[in-house]
Amino acid sequence: MSPGEALTRRGRLALVLGGATYLGAWAFGSKILYPVAIGLPVAVLLAWLWTAFANRPLQLRRMLPAGERLEGEDVEIQVDLASERRLLPARWTLLERISKLGQQTTALGADGRGRYVLERLPRGRYTFEDSMAVIEDPLGLERVEQPLTAPAAVLVYPRLVELERLFSESGTRSHDGRRLLLRRPSGFDLHSVREYEHGDSLRKVHWRTTARRAQLMVKELEDAPRDEVAVVLDADPDAVVGESFDVQVRAAGSLLLAHVRRGRRALLVINGSRQDQQGVRSPEGDWRQALDLLAAAEPEPGPSLAALLADDGGAAARALELAVVTASLPPRLVERLVARALGSGNVSLVLVDAASFAGAPPRPWPELLRLQAVGVAVVVLREGDDLAERLGAPRAAEVAHA
């Protein structure tokens with residue numbers, strides 16, 4: 001965008017006043033008013049010349065603090081307006097529009113540098129959407145606005161907790177009380193179908209293709225690696241009250257971090273409109289991408305969590321262990337969790353009581369009794385709960401009505 005120059009309200013008033021003064025001097029023959037009548041337009045002309053010489057193409061540079069920025073911390077931003085050469089010393093004002101925060105106005109020094117602090121930022125992604133440098137002449141008669149192209153974003157990460165042990169460790173038992181053995185992170189995926197050959201097991205028959213072709217067809221399976229644990233964060237906006245979603249994000253991130261530090265193949269799935277997901281193999285590698293997703297996660301409409309878990313081909317359904325973090329428990333979701341627990345076991349649920357963030361007293365959750373009966377490890381989080389204590393310590397079965 002090209003720089004824009006315009007008279008300020010004061011500049012337009014000076015021109016009108018100069019013209020009126022000149023007409024008054026001519027009408028009444030008052031020569032003493034002529035210098036004033038001429039001086040005002042001359043002042044506007046000089047203001048235009050001053051801004052024309054002071055205005056040069058600018059380049060905006062931002063210096064963001066290094067390292068992780070955690071929710072609740074202050075973030076200092078340093079800015080520098082660089083130009084090839086300046087014919088006149090000028091003090092620019094930088095206008096920036098930041099998503100979620102609105103407009104930020106920063107008065108820069110004569111060297112084009114400045115700084116400001118974004119105080120106590122909540123978790124999220126803050127994008128610098130528009131930037132503009134503004135300068136006025138010393139009398140405030142002429143104004144120059146120069147749009148700048150400097151895309152950037154600040155990520156503020158959730159505060160995760162260290163978990164030595166997980167509440168779900170007391171729930172990884174089969175329905176008769178025996179400890180489940182660890183399974184290797186692999187499984188068989190459908191690769192293709194072929195005609196039935198003598199000796200093939202009838203268990204391998206692909207009945208849908210068989211019915212379509214009117215002849216026996218069997219499944220060709222291939223061994224494929226699977227994630228050991230999938231942590232699913234439900235981003236349903238209808239279940240959010242106050243800061244309840246931030247608690248969901250902290251819980252999901254803390255569980256994911258605990259599994260990754262144990263050397264487990266983990267997968268983060270955010271059930272929103274984009275169905276974001278990120279596999280994590282080590283704390284040093286792709287953990288940063290998962291943390292970025294957690295920082296930018298927002299409640300947004302999308303497919304239901306029950307629909308996500310019903311997709312047998314999805315990464316979450318294929319994982320050997322499932323950890324769900326949600327603030328709602330509709331009947332369809334309960335059915336999916338029960339089916340998963342009865343089928344492959346190793347299911348845990350973190351239920352955030354969103355109503356508690358509006359001051360509501362604890363309420364009964366009869367659905368939890370059914371989930372616990374099939375071996376689902378359950379913990380309920382309410383406003384003010386200590387996250388490390390609730391998620392970390394092995395617990396007896398959670399009382400459904402607290």
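The values are calculated or read from the model by the stated rules, or taken from the named source; none is laboratory data. None of the values given here were measured: they were computed from a predicted structure. FYI the Cβ positions are ideal-geometry reconstructions off the backbone, even for glycines, and counts take in every protein chain you see. We work out accessible area using only protein heavy atoms, side chains counted, and drop any ligands, DNA or RNA first. Shrake-Rupley method; radii C 1.70, N 1.55, O 1.52, S 1.80 Å.
Does residue 379 satisfy the criteria of being β-branched (Val, Ile, Thr), over 20 Å from residue 299 (Cβ atoms) and not in a helix (DSSP H, G or I)?
Against the criterion (β-branched (Val, Ile, Thr), over 20 Å from residue 299 (Cβ atoms) and not in a helix (DSSP H, G or I)), residue 379 qualifies.
For residue 91, are the conditions met, namely being open to solvent by 30 Å² or more (accessible area, probe 1.4 Å), outside any helix (DSSP H, G or I) and modelled with pLDDT under 80?
So residue 91 does not fit the description; no.
Say whether the condition of being of a type in the set (A, V, I, L, M) and free of Cβ contacts under 8 Å to residues at least 60 places away in the same chain is met by at least one residue in the range 65-73.
For the range 65-73, residues of a type in the set (A, V, I, L, M) and free of Cβ contacts under 8 Å to residues at least 60 places away in the same chain: present.
Under 9 Å by Cβ, and 6 or more places apart or on different chains, what pairs join a residue from the range 162-177 that is among the aromatic types (Phe, Trp, Tyr) with one that is modelled with pLDDT under 60?
If the second residue must be modelled with pLDDT under 60, the pairs left are 167/394; 167/395; 167/398.
Rundown of residues vs (1) modelled with pLDDT of 90 or more; (2) part of a strand (DSSP E or B); (3) open to solvent by 20 Å² or more (accessible area, probe 1.4 Å), yes/no style:
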site: 111; (1), (2), (3): no, no, yes
site: 116; (1), (2), (3): yes, yes, no
site: 121; (1), (2), (3): yes, no, no
site: 127; (1), (2), (3): yes, yes, yes
site: 131; (1), (2), (3): yes, yes, no
site: 143; (1), (2), (3): no, yes, yes
site: 147; (1), (2), (3): yes, yes, yes
site: 169; (1), (2), (3): no, no, yes
site: 175; (1), (2), (3): no, no, yes
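Does residue 73 qualify as being acidic (Asp, Glu), open to solvent by 70 Å² or more (accessible area, probe 1.4 Å) and either under 30 Å from residue 250 (Cβ atoms) or not in a helix (DSSP H, G or I) (or both)?
Criteria not met by residue 73.
Here is a check on your reading of the model: is residue 185 at pLDDT below 65 and open to solvent by less than 70 Å² (accessible area, probe 1.4 Å)?
yes
Would you tally the residues in the range 213-238 being within 30 Å of residue 304 (Cβ to Cβ), surrounded by fewer than 15 Cβ atoms within 10 Å (Cβ to Cβ) and at pLDDT 70 or above?
Qualifying residue count for the region: 2.
If you check residue 66 against the conditions, is it farther than 30 Å from residue 126 by Cα and of a type in the set (A, V, I, L, M, F, W, C)?
So residue 66 does not fit the description; no.
Hand me the list of strands (runs of 3 or more DSSP E) wholly inside the range 264-342 holding 1 or more residues that are open to solvent by less than 20 Å² (accessible area, probe 1.4 Å), within 23 Å of residue 239 (Cα to Cα) and among the small types (Gly, Ala, Ser).
321-326
Any idea which of (1) out of contact with any Asp or Glu (no Cβ under 8 Å at 6 or more places or on another chain); (2) of a type in the set (A, V, I, L, M, F, W, C); (3) touching a residue at least 60 places away in the same chain (Cβ under 8 Å) is the one residue 25 doesn't satisfy?
Going through (1) out of contact with any Asp or Glu (no Cβ under 8 Å at 6 or more places or on another chain); (2) of a type in the set (A, V, I, L, M, F, W, C); (3) touching a residue at least 60 places away in the same chain (Cβ under 8 Å) one by one, residue 25 breaks only (3).
When the residues of the range 356-366 are narrowed to those that are modelled with pLDDT of 90 or more and under 24 Å from residue 392 (Cβ atoms), which ends up surrounded by the most Cβ atoms within 10 Å (Cβ to Cβ)?
By that ranking, first place goes to 356.
Inside the range 343-354, can you point out the residues that are open to solvent by 40 Å² or more (accessible area, probe 1.4 Å) and not in a loop (DSSP other than H, G, I, E, B)?
Within the range 343-354, 343 is the sole residue that qualifies.
So which residues in the range 188-203 are open to solvent by 70 Å² or more (accessible area, probe 1.4 Å) and either at pLDDT below 75 or not in a loop (DSSP other than H, G, I, E, B) (or both)?
Scanning the range 188-203 gives 188, 190, 191, 195, 202, 203.
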